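A quick write-up on the structure given underneath.
Please treat every number below as a calculation from the coordinates, not as lab data. Treat the numbers as computed from the prediction; the structure is a model and nothing was measured. FYI the Cβ positions are ideal-geometry reconstructions off the backbone, even for glycines, and counts take in every protein chain you see.
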Amino acid sequence: MENNRPRSRSEKRLIKKAGRRRVRLAFALIFLSILIFPLSTLAVRAKVPKLVGKGLTELQATIKSAKLGFTITGYEFSDDLPKDAVISQEPAPGSRVKRGQAVKVVLSQGPEPKVTAQTLEVAPQETSLKEETETQAKPVEEKTEAEAPPAKEEAPQKVPTAPVKIICIDPGHQSKANPATEPIGPGSNQTKAKVTGGTSGASSKTPEYQINLEVSLKLKKVL
């Protein structure tokens, strides 16, 4: 049988205290959830470091230590920064982004090359060489001793310089494909797709275009 006797004052006080404790505990849990949620969000975000002015090797090391990635969005000529140094970046230094997010960078191509007279003389040299070859290939008519002109000293022949060769290294692939066509090299009539899309490593998650670029830069140094 239930005890229906009236509660004493001490029992009522204990019940009130227990209720107050429950309310305080609920407020404490709410406060902790509000405090912990932003901290947990910050734990999976990374701070973007300053990349402008860094070379490619230093760029890779800095990005790796910040637990981020990077994407080269273009190249520009620069009189102030050496070749392969970072000219600009996006997002700006100090920004908070998700870990593994790619930072967009623009690299320097060094000072803009100037056209010299030697470059313009390459084509005339090839024409002169062709004319000399055709002249030497013509048969010489036999002349009698009376008609033969006096012997002349032969002038030393000029050794033609080798034509300038330009080697184009196209690493290919980027984060977004561009199916528009372009020449495969300066002055070429053959065309190809500007940029094709690539894949990423199954374990490293490294994009294919980034690996292609690193290999192309190493090949550039070898050449």
Gain in length, T206 to L25, computed as 0.36 nm per residue apart minus the alpha-carbon separation, to one decimal in nm?
60.4 nm
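How charged is the neighbourhood of S78? Take every other residue with its Cβ under 14 Å from the Cβ of S78, and add Lys/Arg as +1 and Asp/Glu as -1. It would help to have the intermediate numbers written out before the result.
Working: positive: K54, K83; negative: E76, D79, D80, D84, E112.
With Lys, Arg at +1 and Asp, Glu at -1, the net is -3.
Using the per-residue mean of other Cβ atoms lying within 10 Å as a proxy for protection, in what order, highest first, do the peptides 97-103, 206-212, 15-21 fall? Intermediate results must be reported in sequence, preceding the final value.
Working: 97-103: 14.9, 206-212: 18.1, 15-21: 10.0.
My ranking of the peptides, most packed first, is 206-212, 97-103, 15-21.
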Give, as a single signed number, the net charge of other residues whose beta carbon lies under 11 Å from the beta carbon of V195, with Lys and Arg counted +1 and Asp and Glu -1.
+1
If neighbour count is taken as other Cβ atoms inside 10 Å, put V106, V23 in order from fewest to most.
V23, V106
All other residues with a Cβ under 10 Å from the Cβ of K220 taken together, and with Lys, Arg as +1 and Asp, Glu as -1, what is their net charge?
+2
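Counting pairwise Cα distances across the stretch 171-223, what percent come out greater than 13 angstrom? Each step should come with its number before you reach the end.
Working: 898 of 1378 pairs.
Pairs farther apart than 13 Å: 65 percent.
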Taking the simple approach of a point 7 Å from Cα along Cα-to-Cβ for both D170 and A92, what is their distance in nm?
3.8 nm
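Sort 26-33, 83-90, 60-67 for me by packing, meaning the mean count of neighbouring Cβ atoms within 10 Å per residue, highest on top.
Values: 26-33: 9.9, 83-90: 18.1, 60-67: 14.0.
In descending order of packing, they fall as 83-90, 60-67, 26-33.
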